[in-house]
Structure formats: C-alpha cells, structure tokens
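Asker: Quick one: structure below, then a few questions.
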Amino acid sequence: MNFLIPRSKRSAILITLLLVIGFSPVTGTAAIRIGSLVDVTGGTSDIGRDYALGIGEAIHYINDKGGINGKKVKLYQFDYGYRIPEALAKYKLLKRLRVAAVLGWESNDTDALSSIITQDKMPYLSAFHAAHLTNPEKTPFNLFAATDYSTNARAAITAWFDKNWPKHPDFGKRKPRFVASYEFGHPYCSAPIRAIKDQAKILGFEIGPDQHVDLSAIDNKMQVLAMKDFKTDLVWHGNTTLSVSATLRDAYALELDANHIVNSWGFDENLPRLAGKAAEGVMGVTTNAFFGDDVPMMGTVVEFAEKYSPGVPIEKRLIWSIRAWANVLALWEAMKRADKAGDLTGPGILKKGFETFSSHDIGLRVPPLTYTDTDHRIAGKVTIYEIKDAKFQVLEVVDLKNRWPDKWAKEWLGW
C-alpha cells in the first residue's frame, strides 16, 4: 500500500470520528453507540487506515440518512495498533461505553475476542472472513458482509479450471498441477487452505508441496524454483499484496509457466502497480467492487470520501474502504430492523436484524446478503476478476451453491 497519513492527521481523523452527533436534533433521543476497533499505527496499518476511513465516512452517511429510524449514531473508534492486549482493553472500554455493536478489524482482534463477544452477545462485524466464523452454532455474533475465504478459494480454483485449463495443451492428457503459496502460521493466510485443497481434489488436480512465503518477504525465488520443479500449472497466493507482488515478480523473472490466483487481501489496486507486467492475467477474488468502480452506491462512497477525508487523494483510496462500507451498511440495515421490532439488544440485532435478511442488496457489488439461524455464509456466488492491461475486469461469477448443492448444504459450512 502506498499512502501514509501523518500522525497529526491520523489523530484528527480519529477525534473527528469520536465527535459524530450524539443526540438527534429532531427527536432529542439519545444516540445509538457503535464501537470500532481499527489498526492505523500497527502491523496492518497500510490497509487498516483505508478501512478505518471507510467506516467513519459510512457512519456520516448513515447519520445524513436519518440514522437508525431517526436516532443518530455515535461512533467510538479506537486504534489498537494490531496488538491483541490492546484490542482486549479497548473492547472492555467499548463495553463500558455501552455500545450496541462493534465493527472490528482483522484476524487477531476477531479471533481473540470471538469467545468473549459470544458470551457478551455482542454483534461483531469484522474484515476477517474466515469460514470458521460462519457457523452460528459456534460463533453466532461474528458476522461480515462478504463471502468467506474458503468459499472464495473454492470459487477461484473452479474459475481457473473452467476458463483456463481447457485451453492448456495438456488438457485431457493429465491432471492439472496446483501449489499453494502462503505464510503457514498466519490465521488469514492459512484459513482457506483445507478448503481449496478439497476443491482441488474434487476437480481432479494433482497437489504439490505448499510453499511458505512470509508476509513481509520481498525475495521468493527459492519458492518459485520449487514450483518450477513441480511443474505447477496454477499457484494460489494466500498472502497480502506486498509479498504476493514480490512472488509474482520472481515468477515472471524466472519464467514460471503457470497461472496465478490470489485471495482477497492480496488482490487490490496496488497489485498491478507493484507487480507490473507480472500481474497481467492474474486472477483474484474480491468480496466487493474496487474503489471508484461504476456500481450502485459508489458515487455516494466517493462523495463522502471527498467530503470527510479531503487530506487523502481519491486516487490513493483502495478497495478496503468499500469493504468497510459493506459491513457498516449491513449493520445499519440490521439495526433498523431490530429497532423497528423494539429490540436493539445484541440478540435482537442478530435475530430480528441479520437473520431476517434474504438476498438483501446493499450495492457496491457485494453479493446479496442472506443470514439464517443455521448458516451465516451470505451467498454461494463469488465474483472472480482478472487483471488485463493493469485493470480489473470481471471474469466469471462462480455459483458454488447451485453447482454443488449437497456439499454446500451438508459439508462445507464452517471450514
């Protein structure tokens, strides 16, 4: 990621977000409090800053539209610096502030707090889309307005198998070969590996040895040479943009004769900028539109970015802002429904809000949202993109739920 917000501006942004209107000028009723844990100074701040801005801008939009049925929203947003002890401390503070729900960040805060928020019955929407959070029997209050990592991975390898493999000279003569490249110990990177390997077996791939690539790695030639030794046809990249772009550049330089598919956090506007020619033809998954795409609601997103974050050039904004908007818009709708039903408690927001969604469309190319009391996977359809001339183009929408209905219903939930 390639923009930095000076510390003074970061502080100003966070202070501004804390000063969202606390009382409705129309009704005089107390504002509804929402918490937010973000990373604007820690290990994931390169993408966390954009996400944090998106949350604040989306809350401003909600209040401009009347809040929660006429009640304004007050946002308490805290930077926890991607440190678990700080996340725990800030969450306790949010509880004391009596927030109705929390907008979390990524893997470490989400996993660390999962059992706590379940006990507290606190709706917690984060940008960590691991499949183990989609089973409401285990984690009912962990939610996100996105398809999960495992669903995305299954869809990505299926799209390659459908689109690319039939064009290969060896099609019909042998099995396609597949390798996964990711940081082994990281929760995000490793989350979909079991699922994508299962899908590879379903489709008839030969699976090669996994390649460990550190999230901060900038030289991955040894791993690429191992891929060449296996003669892989397809590489799954499970890391974030920095190391994915480095691996793609090394693969290009070493003339690895393979295609590439990339998980959501490695597939953003900076990938073609950092990888250059090596990004051409790379396929990837996103759970929403890219910043500035011509889709419903994007004009509003850009308008509020310009209005409330004028210090960050629009051309530097990234897809992560859209991901933040998706979670905020989903929470807004759930809270409006729960409030209308007279129950803005955590269980009320879950049962009378989210679990009443049936193909609810929030725009921004987010799949229509459906949550039930037995399944929090929002949809079985995943949009796959391909980079062409440094631009992202929709390649295919893979419908896993309709293609493998029995497996979707009986086998794939929660992993």
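Asker: Given +1 on the Cβ of Lys and Arg, -1 on the Cβ of Asp and Glu, and no further charges, what dipole in debye does the range 64-144 carry about its Cα centre, rounded to the nearest 20?
Answerer: Numbers: 12 positive and 8 negative charges, 107 e Å.
In total the dipole reaches around 520 debye.
Asker: Which one, Gly342, Ser245, Thr300, projects farthest toward the positive side of the charge dipole computed for the chain from Cβ point charges (K/R +1, D/E -1)?
Answerer: Gly342
Asker: Now for a separate question. Toward the positive end of the charge dipole of the chain, about the Cα centre and with charges on Cβ (Lys, Arg +1; Asp, Glu -1), which of Trp165, Tyr182, Pro85 goes farthest?
Answerer: Pro85
Asker: Given 10 °C and 1.306 mPa s, compute D for the chain with the Stokes-Einstein relation, Rh being the Kirkwood radius over Cα pairs; round to the nearest whole µm²/s.
Answerer: Working: Rh = 21.7 Å.
My calculation gives 73 µm²/s for D.
Asker: Let me ask another. Which of the lysines could a cross-linker bridge to Lys197, judged by Cα under 20 Å and excluding same-chain residues fewer than eight apart?
Answerer: Answer for Lys197, where 20 Å is the Cα cut-off: Lys163, Lys175, Lys228, Lys231, Lys381, Lys401, Lys407, Lys410, listed by chain and number.
Asker: Also, quick follow-up: Can you tell me the FRET efficiency between Asp214 and Ala253 if r is taken as the Cβ-Cβ distance and R0 is 22 Å, rounded to the nearest 0.05?
Answerer: Working: r = 19 Å, r/R0 = 0.86.
Taking R0 as 22 Å, the efficiency between Asp214 and Ala253 is 0.70.
Asker: Hey, with R₀ at 51 Å, roughly what FRET efficiency would Lys410 and Arg174 work out to, going by the Cβ-Cβ distance, to 0.05?
Answerer: With a Förster radius of 51 Å, E is 0.95.
Asker: Using just the C-alpha positions of the range 120-206 as equal point scatterers, what log10 of I(q)/I(0) does the Debye formula give at each q in 0.10, 0.14 1/Å?
Answerer: Each listed q maps to, in turn, -0.34, -0.59.
Asker: Under unit Cβ charges (Lys, Arg +1; Asp, Glu -1), what dipole magnitude, rounded to 20 debye, does the range 212-261 have relative to its Cα centre?
Answerer: Once rounded to the nearest 20, the dipole reads 40 debye.
Asker: Using each residue's phi in the range 342-355, evaluate 6.51 cos²θ - 1.76 cosθ + 1.60 at θ = phi - 60° and report the 3J(HN,Hα) Karplus result to the nearest Hz, with x for Gly and Pro.
Answerer: Those phi angles translate into x, 9, 9, 6, x, x, x, 4, 6, 7, 9, x, 4, 7 Hz.
Asker: Please give the helix 7-18 orientation as an angle from the longest Cα principal axis of the chain, in degrees from 0 to 90, rounded to the nearest 10.
Answerer: The answer is roughly 50 degrees.
Asker: I've got another one for you. Show which aspartates and glutamates lie in cross-link reach of Lys307 when reach means a straight Cα distance below 18 angstrom and same-chain residues fewer than eight apart are skipped.
Answerer: Within the straight-line limit of under 18 Å, Lys307 reaches these aspartates and glutamates: Asp50, Glu57, Asp64, Glu315.
Asker: At a Förster radius of 30 Å, what calculated FRET efficiency corresponds to the Cβ-Cβ distance of Ala30 and Glu306, to the nearest 0.05?
Answerer: It comes out at approximately 0.45.
Asker: Here's another thing I want to ask about it. Enumerate the calculated ³J(HN,Hα) couplings along the range 108-123 in order (Karplus 6.51 cos²θ - 1.76 cosθ + 1.60, θ = phi - 60°), each rounded to whole Hz, writing x wherever the residue is Gly or Pro.
Answerer: 6, 5, 5, 5, 5, 9, 4, 5, 5, 5, 5, 5, 7, 6, 9, x
Asker: Would you list Trp165, Trp265 from fewest to most Cβ contacts within 10 Å?
Answerer: Starting with the residue having the fewest Cβ neighbours, the order is Trp165, Trp265.
Asker: Out of the DSSP beta bridges found with both residues in the chain, what percent are antiparallel (nearest 5)?
Answerer: Counting only bridges with both partners in the chain, antiparallel ones make up about 35 percent.
Asker: Can you tally the net charge around Thr134? Count Lys and Arg as +1, Asp and Glu as -1, for every other residue whose Cβ sits under 11 Å from the Cβ of Thr134.
Answerer: My count for the surroundings of Thr134 gives -1.
Asker: Next question, about the same structure. Give, as a single signed number, the net charge of other residues whose beta carbon lies under 10 Å from the beta carbon of Ile84, with Lys and Arg counted +1 and Asp and Glu -1.
Answerer: -2
Asker: Return Ser114, Ser216 ranked ascending by Cβ neighbour count within 10 Å, so the fewest neighbours appear first.
Answerer: Listing Ser114, Ser216 from fewest to most nearby Cβ atoms yields Ser216, Ser114.
Asker: In addition: Would you mind ranking Phe304, Phe230, Phe291 so that the residue whose beta carbon has the fewest other beta carbons within 10 Å leads the list?
Answerer: Values: Phe304 21, Phe230 16, Phe291 24.
Exposure proxy ranking, most exposed first: Phe230, Phe304, Phe291.
Asker: At what distance in nm do the modelled label points of Phe230 and Lys167 sit from each other, each positioned 7 Å from its Cα along Cα→Cβ?
Answerer: For the pair Phe230/Lys167, the computed spacing is 2.3 nm.
Asker: Normalising by the residue count of the chain, find the relative contact order in percent from Cα pairs under 8 Å and 6+ residues apart.
Answerer: Relative contact order of the chain: 17 percent.
Asker: Ok, one more. How much length is gained if the chain between Ile116 and Glu315 is pulled fully straight, taking 0.36 nm per residue apart and subtracting their Cα-Cα distance, in nm to one decimal?
Answerer: 67.8 nm
Asker: Using only the Cα atoms of the range 359-409, what do you get for the radius of gyration and for Dmax, in Å?
Answerer: Reported Rg and Dmax, both Å: 13.4, 44.
Asker: Moving to a separate point now. Taking GluC sites (Glu not before Pro) as exposed when DSSP calls them loop (any state but H, G, I, E, B) and at most 14 other Cβ atoms lie within 10 Å, what is the longest stretch of the chain free of them, the sites themselves excluded?
Answerer: That would be 256-410.
Asker: Quick one: putting +1 on the C-beta of Lys and Arg, -1 on the C-beta of Asp and Glu, what dipole do you get for the range 132-283 around its Cα centre, in Debye to the nearest 20?
Answerer: Using only the charged Cβ atoms, the result is roughly 420 debye.
Asker: Identify, among Ala130, Gly104, Leu94, the residue whose Cα sits farthest towards the positive end of the charge dipole of the range 56-152, taking +1 on the Cβ of Lys and Arg and -1 on the Cβ of Asp and Glu, with the dipole about the Cα centre.
Answerer: Going by the Cα projections, it comes out as Leu94.
Just so you know, all these numbers are worked out from the coordinates, no wet-lab data involved. Every value quoted in this text rests on a predicted model; they were computed, and no experiment measured them. FYI the Cβ positions are ideal-geometry reconstructions off the backbone, even for glycines, and counts take in every protein chain you see.
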